[in-house]
Amino acid sequence: MTAEFINALSILKEWVSKNKVILETKKWTNGEEMIESESLKFNVQPISGKELEEIKSYTQYLLPESYYHFLSEIGSGQFFIGEYLPCFEIYNLAELAENNTNVQKEIESVGEEVSADFIMIGMHCSMGDWMGFCTTKNGKKNYDVFSHEYPIGEYVEISDELKSWRTFEEWLIKAVETKGEETL
């Protein structure tokens, strides 16, 4: 895990611990000082050591250590909650099992062989897109937000074409740097 990732986790952990963070920035406009504020809200629950071990077992230890470390440090739940919806959700064990069962059902309903294996760890709430890993993809960049507009059998091909693969660390660093604005 990079120092940048650990720093992003530390910042996020502080925000989550306050549950509602109001960040104020000072700006000068026409010679007058103005204060702009933004509110960051979260609904996050810690993951116990036992549940973390069960998640590791459920995912067959296939996911990067950074993801497991995120769960141990931050937890699961809703992040960067806006006026109507959270920006994204990270699943706890029960949600992980339920949603990955749904992923498998969708793969089976395709009617043709899907050559990739996925573990979806959450949902991007702007459009209801799954977020997760392609565990059969070679290399460390196997994390993406998969558009609901595409059939699951085309996820890998489209992510390859869009060059949208990244590591979980890269995704989380960008999410924290942009306060949830760049998470797709």
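The values are calculated or read from the model by the stated rules, or taken from the named source; none is laboratory data. Remember, it's a predicted structure, so these values are computed and weren't measured experimentally. Here the Cβ is made from the backbone with ideal geometry for all residues, glycine too, and neighbour counts use every protein chain on show. Areas reflect the complete protein model, heavy atoms only, side chains present, ligands, DNA and RNA absent. Shrake-Rupley method; radii C 1.70, N 1.55, O 1.52, S 1.80 Å.
Side notes on the structure shown:
- For the chain, the longest principal axis of the alpha carbon atoms and the long axis of helix 3-18 meet at an angle near 70°.
- Amide H contacts of Ile81: Lys41, Phe42, Cys87, each under 5 Å away and 5 or more positions distant or on a separate chain (H built 1.01 Å from N in the peptide plane; Pro and chain starts excluded).
- Spatially proximal aspartates and glutamates relative to Lys56 (Cα-Cα < 17 Å; intrachain offsets below 8 disregarded): Glu65, Glu73, Glu95, Glu98, Asp117
- By accessible area, using a 1.4 Å probe on protein heavy atoms only, the chain has 48% of its surface on carbon and sulfur.
- Debye intensity ratio in log₁₀ form over the Cα atoms of region 85-184, taken at each q of 0.18, 0.24 Å⁻¹: -0.85, -1.49
- Long-range amide H partners of Thr135 with built H, under 5 Å: Asp117, Phe118, Ile119
- For the chain, the longest principal axis of the C-alpha atoms and the axis of helix 49-58 are separated by about 40°.
- Of the cross-linked pairs Lys13/Lys163; Lys141/Lys163; Lys13/Lys41; Lys18/Lys50; Lys18/Lys179, those separated by over 21 Å at the C-alpha level are Lys13/Lys163; Lys18/Lys50.
- For region 3-178, the relative contact order works out to 18 percent when only alpha carbon pairs closer than 8 Å and six or more residues apart are counted.
- Rounded accessible area per residue of region 45-184, 1.4 Å, Å²: 52
- Charge dipole (Cα centre; +1 on Lys/Arg Cβ, -1 on Asp/Glu Cβ; no other charges) of the chain amounts to roughly 600 debye.
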